[in-house]
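The values are calculated or read from the model by the stated rules, or taken from the named source; none is laboratory data. Remember, it's a predicted structure, so these values are computed and weren't measured experimentally. Every residue, glycine among them, receives a Cβ derived from its backbone with ideal geometry; neighbour counts consider all protein chains shown.
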Amino acid sequence: MLSDRIVVLDIDRWDAPGIAHDNRAVDDLEQGKVLYFPRLAFPLDAAETALLDPALVDPKRKNISLNARTGVLTGVAVEDARRDAIGALVRRYYEATRALLARLLPGYAAHLHSPTTSLRLHRIGTWQPSWRKDDTRLHVDAFPSRPTGEQRILRVFNNINPHGDVRRWRVGEDFGGLAARYLASIPRYNPAAAWLLHKVGVTKSRRSEYDHLMLHLHDRMKADADYQREGLQQSIDFPPGSTWICFSDQAPHAAMTGQFMLEQTYLLPVDAMADPGRSPQRVLRRQMAALHG
């Protein structure tokens, strides 16, 4: 069991009064743990609850997303007043997460950037992705077309299901042990190939060695049926009205059941961490040096 990978915090307000100087949350996050807030709800009014309809999602997209910096909303299938209402809902969630993180993780607050807010309306299992996009398989996050380089991926999730359905996750082992399991089998980084992928528009920026390793680690995990079945992991149910936070590029996770969720993504520079040495970037660098000299 990996019970120490889930840390329960008794906070029930997004402005989180009285915790601005508590560094334990930062320490737990940087160890790759999941912070779980069982009483931190994001209440919806009746009009917002009426928006929880998968038919409002563009069939070509998995989710509805807001770029909070530019205000661009994508993935909405309608052009009537419901589109504006959805935009207002996801922006309200973005603002709530900013308020929470400013209190909970004050050392990060000024450095968080590239906010993307996602409204996930499909029930897990009804969207049929390829195995690489199948998030019911344990994985760490890595983006094929959007290299992150020296940035961390911090995510804030909230279960807004109005029918009482839990969102079940599997959470896996420490990142260092995970990387050691697969690193020797990953092909070496080719800078010329990374340049070409960017040149022809496959990636939005040039993949670093870290991005290369993480994409292969992501794929190795998802393709390994024995690991998915027998690797170190635990299940946890996140009920409606609960929130959880993790560095999703470090904490192995899989979403198994549930429907209706809000999710906020931020990027954080590695150098803005309290201990950059704990980042996947530095862990992989050390392991690669030990492996190849």
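Brief remarks on what is shown
- Boolean, His21 is more than 26 Å from Phe260 (Cβ to Cβ) and modelled with pLDDT of 95 or more: no
- All positions within region 53-71 that are touching a residue at least 24 places away in the same chain (Cβ under 8 Å) and among the aliphatic types (A, V, I, L, M): Leu56, Val57, Ile64, Leu66, Ala68
- For His139, the criteria (1) surrounded by fewer than 19 Cβ atoms within 10 Å (Cβ to Cβ); (2) at pLDDT 95 or above hold in every case but one, which is (1).
- Restricted to region 154-201, and to residues there that are among the acidic types (Asp, Glu) and in contact with a Leu (Cβ under 9 Å, 6 or more places away or on another chain), the residue that is farthest from Gly293 (Cα to Cα) is Glu173.
- For Leu40, the stated conditions hold: it is within 30 Å of Asp275 (Cβ to Cβ) and outside any strand (DSSP E or B).
- Per the listing Ala41, Ala77, the residue uniquely within 23 Å of the chain's Cα centre (by Cα) and of a type in the set (Gly, Ala, Ser) is Ala41.
- Residues of region 167-181 that turn out to be hydrophobic (A, V, I, L, M, F, W, C) and farther than 19 Å from Ile245 by Cβ, as a count: 3
- Verdict on Gly149 being at positive phi and either surrounded by 15 or more Cβ atoms within 10 Å (Cβ to Cβ) or among the aliphatic types (A, V, I, L, M) (or both): yes
- Looking only at region 84-104, and only at residues there that are more than 17 Å from Phe260 (Cα to Cα), out of contact with any Pro (no Cβ under 9 Å at 6 or more places or on another chain) and not small (Gly, Ala, Ser), the one that is surrounded by the most Cβ atoms within 10 Å (Cβ to Cβ): Leu104
- Within region 85-124, considering residues that are basic (Lys, Arg) and at pLDDT 95 or above, the one farthest from Ile153 (Cα to Cα): Arg123
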